[in-house]
Amino acid sequence: MAASPAPVAPVRSLDDWIDENVELLQPDRVVWIDGSRAQLDALLHEMVEEGRIIRLNPEHRPYSFLARSDPDDVARVEARTFICSEQEHDAGPTNNWREPEAMRAELRGLFAGAMRGRTMYVLPFSMGPVGGALSRYGVQLTDSAYVVASMSIMTRVGDAVLDRIRAGARWVPALHSVGAPLEPGQEDVAWPSNPVKYICHFPETREIISFGSAYGGNAILAKKSFALRIASVMARDEGWLAEHMLLLRVTDPRGRRFHIAAAFPSACGKTNFAMLRSALPGWEVETLGDDITWLAPGSDGRLRAINPEAGFFGVAPGTGRDTNPTAVDTLWGNTIFTNVALRPDGDVWWEGLTATAPEGLIDWRGEPWDAASGRPAAHPNSRFTVAASQCPSIAADWDDPNGVPIDAIIFGGRRAGNVPLVVEARDWEHGVFLGATIASERTAAAEGTLGELRRDPFAMLPFCGYNMADYFGHWLEVGTRLRRTGGVPAVYQVNWFRKGADGRWLWPGFGENGRVLAWIVERIAGEAPASDTPVGKVPAVGTIDYRAAGVSDADWEELFRIDEAALLAEADDTDAFLDRFGDRLPEAIRRQLAGLRERLGER
Ligand code: GDP
Ligand code: PGA
Ligand code: MN
């Protein structure tokens with residue numbers, strides 16, 4: 001079904017918007033962020049002086065800081081995230097919805113006086129290189145210096161953006177407060193926040209309002225709130241795609257270059273895959289982006305992609321020399337760490353950085369860590385914030401405003417069973433079906449029960465700013481358009497997390513994923529054989545040297561085992577999931593499910 005066109009919001013005056021909010025929030029002062037290193041330095045210094053962050057030992061980690069959050073403000077709060085469209089059905093069954101005027105009224109109450117005793121920072125930011133055709137602008141108001149510092153790393157901020165906005169460019173207002181006003185004489189805490197949290201999006205007027213949290217995805221509004229939730233609505237209306245995807249370039253031993261975008265749910269391996277060091281000699285991977293990709297059909301008839309961000313907000317635990325050496329090398333300095341452990345020598349540590357924990361750690365809560373406690377020293381969702389330019393594998397042209405042409409799209413997830421290591425979609429429509437029906441085990445990136453299997457279509461469940469059924473339809477339409485110009489990318493599904501009966505991961509992952517990537521590239525080049533299965537095409541016997549990856553014949557077989565009964569049970573579950581969308585679901589998705597059942601031998 002075609003999306004109803006959104007009413008276009010009038011371009012609001014920046015100064016009026018700020019004045020209104022100063023009056024409502026009553027900050028002590030207003031500070032404009034100009035994007036200079038000197039201003040950021042001064043701000044970080046002030047935060048250290050005030051005890052909000054800890055400066056790490058510059059001998060080990062120059063110009064780096066540790067922030068410890070409130071223990072109740074450590075992850076995205078999906079239950080408190082709302083799409084406030086005019087009509088509830090436009091938010092769809094997978095989003096929380098609130099009527100926009102009622103939501104605004106409630107927020108006005110919460111925001112009244114919310115910045116008393118604090119500074120309001122005005123932060124103009126650009127997603128994508130300033131002036132790029134695909135780039136979009138926003139302005140965030142916030143009372144959190146931590147958010148200002150994080151946004152300054154994650155996006156392009158300051159005067160260059162402000163000039164564009166002053167010259168009439170459209171921009172998205174993003175209002176944020178930690179919701180912890182200070183009364184005269186009241187002592188502040190290191191990480192102010194509020195037990196009441198609201199992360200609200202107004203798709204028709206393209207506005208974001210966030211209250212009560214300073215944690216990344218809830219507060220760094222350029223990222224999930226703008227570049228995914230609001231941008232997905234812009235993309236629907238303007239004919240492009242805003243996706244929860246990493247972006248990489250892979251060069252084969254013959255020097256041919258391929259560009260791949262891959263959607264995995266939060267904490268399912270995007271950053272690691274974007275920084276892959278292939279176990280296969282002669283294959284080079286360059287990083288273009290690690291979390292968000294904007295894709296648009298280009299004048300050349302192909303899908304072109306940019307990374308709208310300028311930094312990485314990565315998961316620390318599990319990042320070590322043996323898993324992601326590129327990330328470890330990226331983090332040598334100029335990094336803000338959040339909720340990792342502190343070493344006695346003033347450096348940081350987290351589970352997986354080294355095989356054994358150093359002595360004398362202070363845990364993420366700021367208390368001496370007892371290894372015997374069974375509790376991790378770093379929070380499972382502890383993070384690093386670092387500029388993309390600092391990554392040794394970053395492509396020289398990573399911020400080219402024209403982007404790169406996409407050869408393949410990959411969908412992934414964390415699945416102990418049923419999903420093979422790699423599958424090639426039969427065509428775009430089948431690829432959209434694979435994306436639409438992704439299920440993945442829950443991680444620490446958001447509040448919820450760890451390990452629980454949930455549907456996460458296109459890894460966008462928490463990030464799609466409109467009705468997910470319309471979103472499936474939009475993907476199908478983009479494919480139809482690309483087919484006319486011969487620019488349809490191939491589509492794959494991967495699963496690094498399949499387990500054996502004994503609960504062990506069957507595939508070593510990380511650098512060995514380079515073997516799977518090589519097969520994908522050889523398929524695109526028309527050079528690798530595949531075998532047909534009911535779920536799609538898989539590598540033909542002998543095309544991936546799994547023994548060299550240390551995988552036994554039995555485990556390899558298990559990685560691709562088709563369990564008809566289990567897959568049919570999953571098809572029933574898919575049916576129930578799709579029922580939620582009613583008649584808004586595109587016909588093609590049901591057709592694909594019927595095709596799968598047929599191929600699985602169901603009559
Ligand atoms: P992102 O949030 O999607 O960017 O995910 P990350 O790349 O940060 O990875 C999240 C977690 O999954 C980390 O603990 C990684 O060590 C782990 N991980 C990433 N890739 C693999 C893999 O190929 N195999 C296994 N077993 N774990 C992985
Ligand atoms: P991620 O994003 O969980 O997708 O890595 C970070 C966040 O928004 O919390
Ligand atoms: Mn990541």
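Test of understanding: among 120, 103, 115, 127, which residue is over 28 Å from residue 40 (Cβ atoms) and open to solvent by less than 30 Å² (accessible area, probe 1.4 Å)?
The conditions single out 103.
Condition first: more than 17 Å from the chain's Cα centre (by Cα), away from ligand 3 (no atom under 16 Å from the Cβ), within 30 Å of residue 549 (Cβ to Cβ) and buried (at least 22 other Cβ atoms within 10 Å of the Cβ). Can you find one or more residues in segment 231-254 that meet it?
Yes - at least one qualifying residue is present in segment 231-254.
Take segment 222-259 and flag every residue that is in contact with a helix residue (DSSP H, G or I) (Cβ under 9 Å, 6 or more places away or on another chain) and hydroxyl-bearing (Ser, Thr, Tyr).
Correct list: 225, 232.
Residue 261 is checked against (1) within 16 Å of ligand 1 (Cβ to nearest atom); (2) open to solvent by 20 Å² or more (accessible area, probe 1.4 Å); (3) of a type in the set (Gly, Ala, Ser) and fails just one. What number does that condition carry?
All conditions pass for residue 261, except number (2).
Only one of these is over 27 Å from residue 336 (Cβ atoms) and open to solvent by less than 40 Å² (accessible area, probe 1.4 Å): 374, 486, 479, 451. Name it.
479
Suppose we filter 269, 282 for residues that are modelled with pLDDT of 95 or more, more than 16 Å from ligand 3 (Cβ to nearest atom) and either in contact with a Gly (Cβ under 8 Å, 6 or more places away or on another chain) or of a type outside the set (Val, Ile, Thr) (or both); which single one remains?
From the options 269, 282, the qualifying one is 282.
Considering (1) touching a Lys or Arg at 6+ places or on another chain (Cβ under 6 Å); (2) polar (S, T, N, Q); (3) open to solvent by 20 Å² or more (accessible area, probe 1.4 Å), say which one residue 193 fails and leave the rest.
The number of the failed condition is (1).
Each row is one residue, and each column tells you yes or no for (1) within 15 Å of ligand 3 (Cβ to nearest atom); (2) under 30 Å from residue 400 (Cα atoms); (3) in contact with a Leu (Cβ under 6 Å, 6 or more places away or on another chain); (4) of a type in the set (Ser, Thr, Tyr).
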site	(1), (2), (3), (4)
307	yes, yes, yes, no
310	yes, yes, no, no
316	yes, yes, no, no
325	no, yes, no, no
337	yes, yes, yes, no
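State which residue pairs qualify: first residue farther than 23 Å from residue 229 by Cα and inside segment 164-184, second residue part of a loop (DSSP other than H, G, I, E, B) and open to solvent by less than 10 Å² (accessible area, probe 1.4 Å) in any location, beta carbons under 6 Å apart, and separation of 6 or more residues or different chains.
Listed pairs, sorted by first residue: 181/113; 181/114.
Anything in segment 298-344 that is buried (at least 20 other Cβ atoms within 10 Å of the Cβ) and aromatic (Phe, Trp, Tyr)? List them, or say none.
Once the filter is applied, which keeps residues that are buried (at least 20 other Cβ atoms within 10 Å of the Cβ) and aromatic (Phe, Trp, Tyr), segment 298-344 yields 312, 313, 337.
Checking residue 266 against (1) open to solvent by 10 Å² or more (accessible area, probe 1.4 Å); (2) out of contact with any Ser or Thr (no Cβ under 9 Å at 6 or more places or on another chain); (3) small (Gly, Ala, Ser), which test does it fail?
Condition not satisfied by residue 266: (2).
Under 6 Å between Cβ atoms, which residue pairs at least 6 apart in sequence (or on different chains) link something in segment 304-319 that is closer than 22 Å to residue 125 by Cβ with a partner that is aliphatic (A, V, I, L, M) and in a loop (DSSP other than H, G, I, E, B)?
From segment 304-319, the pairs are 305/406; 306/134; 308/292; 309/292.
The values are calculated or read from the model by the stated rules, or taken from the named source; none is laboratory data. What you see is a predicted model; the values in this text were computed from it and never measured. Every residue, glycine among them, receives a Cβ derived from its backbone with ideal geometry; neighbour counts consider all protein chains shown. Ligands, DNA and RNA are excluded from the accessible area calculation, which covers all protein heavy atoms including side chains. Shrake-Rupley method; radii C 1.70, N 1.55, O 1.52, S 1.80 Å.
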